[in-house]
Every structure is written in C-alpha cells, then in structure tokens.
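Quick notes on the structure that follows.
The values are calculated or read from the model by the stated rules, or taken from the named source; none is laboratory data. Treat the numbers as computed from the prediction; the structure is a model and nothing was measured. A quick note on method: Cβ atoms are made from the backbone with ideal geometry, for glycine too, and the neighbour counts reach across all protein chains shown. Areas reflect the complete protein model, heavy atoms only, side chains present, ligands, DNA and RNA absent. Shrake-Rupley method; radii C 1.70, N 1.55, O 1.52, S 1.80 Å.
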Amino acid sequence: MSRHFAVFGHPVAHSLSPKIHAAFGKQTGIAIDYRAIDVEPGQLTHALADFIAQGGAGANVTLPLKQAAFSLCDDLTERARRAGAVNTLVRNGDTWHGDNTDGVGLVRDLTDRHALDLRARRTLMLGAGGAARGVAPALLDAGIGELYIVNRTPQRTDALADALAEPGRVHPRYLADLPALGEFDLIVNATSAGRDQPMFSLPRAVVGRRCAAVDLNYGEAAIPFMAWARASGCMAAVDGLGMLVEQAAESFARWHGVRPETDAVFAMLHGHAAALVTAD
Ligand code: NAP
C-alpha cells in the first residue's frame with residue numbers, strides 16, 4: 001500500500017500545505033500523496049483511524065486540533081511535550097509519534113531568512129493557543145529575554161506560563177495591563193484574531209526602539225497586525241509565511257529523511273501572498 005500524508009484541520013480547504021509538500025517532493029524526487037482533510041473538533045481519532053486504513057503514514061495537524069493530537073499520541077518529542085501541542089504525526093508501527101515543528105520553523109525563519117538576532121529581546125506574546133504553545137519554548141531556547149504573555153482568556157495565559165516553568169522569565173498578564181507593560185523588542189501575534197474578527201486594540205507604547213513585530217498569520221489574516229506594526233514604528237514586520245514553509249520542511253524531514261531546501265518554495269508562495277487566506 002502506498003504511503004499517504006495529509007493535513008487535518010477545521011477549516012482546512014485553503015491550506016497551502018499540499019502545495020508546499022508537492023513542491024518539496026518535486027525538488028527531492030520523492031512521490032508525494034498529501035491532501036487536506038477537514039475534521040470537526042472531537043472527530044480527530046475517528047478520522048485518523050480511517051486515514052491509517054487507507055495507508056496514512058504521517059500527518060500535519062492544524063487549528064483547532066493541535067491539543068487533541070497531543071492527547072492521542074503514544075509518545076512525543078521533548079519539544080511537543082513542552083508545547084502541549086502536536087502539529088506533526090508520524091506513524092510508527094501501531095502507534096502515533098507526535099512532534100511540534102512550529103517553534104523551530106519560526107526561529108529558523110526569523111534568524112536565517114530575516115537575520116533577526118533574537119537574543120535578549122524583551123518579548124510580548126499575544127495569544128496562548130496551540131501556536132503560542134508551539135513557538136514559546138523555541139523562542140526561550142533561542143535566547144530571548146523576558147517573555148510577557150497576554151491572551152483574551154486569562155486561564156490559558158496562566159496555563160501556558162505554568163507549562164513553560166520559568167517563573168522569573170515568563171510573566172502572564174491581562175489584556176487590560178498592556179499599556180503599563182513597557183516597551184518590547186519583539187512582539188509576536190500568535191492569535192487568530194485577524195482571520196475573521198477585527199484585530200484587538202494594541203497601544204503604541206509597547207513598541208520599543210528596535211522592535212520587530214511577527215505575525216504567525218499570513219495573507220489576508222495578517223493585514224491588520226502588519227499594518228499596526230508598520231504604523232507604530234516597528235523596525236521589522238514579518239508575517240507567518242516563512243514559518244509555514246520552515247515548519248513544513250521539518251515535518252517533511254521527519255517523514256522522508258531528507259530536509260528540502262525552502263527558499264525557492266518561500267519565493268513561489270511569497271509572490272502570491274497578497275491573495276492568500278490563512279489556513280496552515
Ligand atoms: P488556537 O489554538 O485556536 O488559538 C487561537 C488564539 O487566538 C487564542 O489565544 C485565542 O484567544 C486568540 N483569539 C482568537 N480570536 C481572538 C480575538 N478576536 N481577540 C483576541 N484573541 C483572539 O489557534 P492556533 O493554532 O494557536 O493558531 C493561531 C494563529 O496562528 C492562526 O491564525 C494560525 O493560522 C496561525 N498559525 C500559523 C502557523 C504558521 O506556520 N505560519 C502555524 C501555526 C499557527 P482565547 O484563548 O481567548 O480564545
């Protein structure tokens with residue numbers, strides 16, 4: 001039976017992942033069967049059982065299923081365990097092995113592609129969902145300074161800060177506290193607020209002199225935050241397209257044992273970026 005790969009999410013129809021993996025396959029000479037499968041929350045276990053029966057060997061998992069994927073894995077990489085969220089599943093005999101490539105994907109895009117030195121940057125993370133959980137440990141490992149986390153639902157902020165277990169360095173705060181938090185060198189938008197609802201209001205006072213703003217969203221969903229970042233004087237504004245390509249390359253390497261080259265795929269997608277709709 002041939003090996004199948006897929007991205008599971010809800011919604012997932014606009015996902016770029018099939019296009020990215022097809023391009024990696026072409027570049028590396030590996031025949032790729034990778035599709036997008038829409039799965040309602042609560043149905044992931046059932047959908048994966050069908051997928052295995054059809055030859056499913058590996059999958060990406062995206063919004064809002066990353067924490068559900070974490071729960072059903074038989075074993076996990078250290079970075080997936082720290083994140084409490086899984087975006088990459090590898091079928092290993094009769095078991096699912098879970099990994100999280102979001103964090104390494106973001107850090108590689110920021111440091112290698114955009115030449116940002118992350119070390120000692122006082123960082124503000126907006127959001128505490130699956131993506132925030134994936135990228136926060138990698139940012140800490142990359143040497144950022146203090147990390148302030150703000151999320152609409154405070155319980156999720158606290159849960160993420162607890163999971164990161166670095167109390168002197170990681171600070172959960174309320175949205176209402178934003179104007180009093182001081183200036184930041186790095187602001188990461190890990191919310192899905194720009195996708196179908198207006199961006200929440202961000203005070204200009206959080207922007208420091210050498211501040212870089214990073215939106216994990218891309219395409220239309222990144223427009224509000226990127227516009228705010230530019231209007232507020234951020235020195236750099238980076239959207240999530242490069243992270244998307246880098247996390248995909250890392251997943252590809254897990255499944256096929258070869259790490260594809262990413263610049264050509266990034267350039268191809270970047271050319272169409274204005275027309276993209278976020279759905280990793
Ligand atoms: P998620 O688990 O559903 O979490 C969504 C986050 O956004 C939560 O923190 C949520 O706050 C917040 N949020 C949603 N609507 C909001 C609003 N109107 N105002 C304020 N906060 C709001 O989703 P996720 O997996 O973390 O993904 C977040 C975004 O990152 C998505 O748009 C996704 O496409 C993008 N992403 C990109 C990549 C990439 O490779 N570029 C990878 C992963 C994710 P509450 O907790 O209060 O609900």
Point to revise | Unique residue being touching a residue at least 60 places away in the same chain (Cβ under 8 Å) and more than 21 Å from the chain's Cα centre (by Cα) when the list is Ala49, Ala57, Ala13 | key: Ala57
Revision key, fill the gap. Scanning region 82-91 residue by residue, the ones that are surrounded by fewer than 22 Cβ atoms within 10 Å (Cβ to Cβ) and at pLDDT 95 or above total 2
Check your understanding: How many residues does region 253-275 contain that are under 19 Å from Val86 (Cα atoms), without any contact (Cβ under 8 Å) to a residue 40 or more places away in the chain and open to solvent by 40 Å² or more (accessible area, probe 1.4 Å)?
Key -> 0
Exercise for review: For region 6-81, please list each of the helices (runs of 4 or more DSSP H) lying entirely inside it that holds at least 2 residues being among the β-branched types (Val, Ile, Thr) and open to solvent by 20 Å² or more (accessible area, probe 1.4 Å).
Suggested key: 44-53
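When region 93-133 is examined, which residues are found to be open to solvent by less than 10 Å² (accessible area, probe 1.4 Å) and not in a strand (DSSP E or B)?
Across region 93-133, the qualifying residues are Asn100, Thr101, Asp102, Gly103, Gly105, Leu106, Asp109, Leu110, Leu118, Gly127, Ala128, Ala132.
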Review point. Considering only strands (runs of 3 or more DSSP E) fully contained in region 146-252, which possess at least 2 residues that are more than 14 Å from the ligand (Cβ to nearest atom), open to solvent by 60 Å² or more (accessible area, probe 1.4 Å) and at pLDDT 95 or above?
Key: 207-215
Study note, to complete from the structure: A careful count of residues in region 56-77 that are at pLDDT below 95 and more than 11 Å from the ligand (Cβ to nearest atom) gives 0
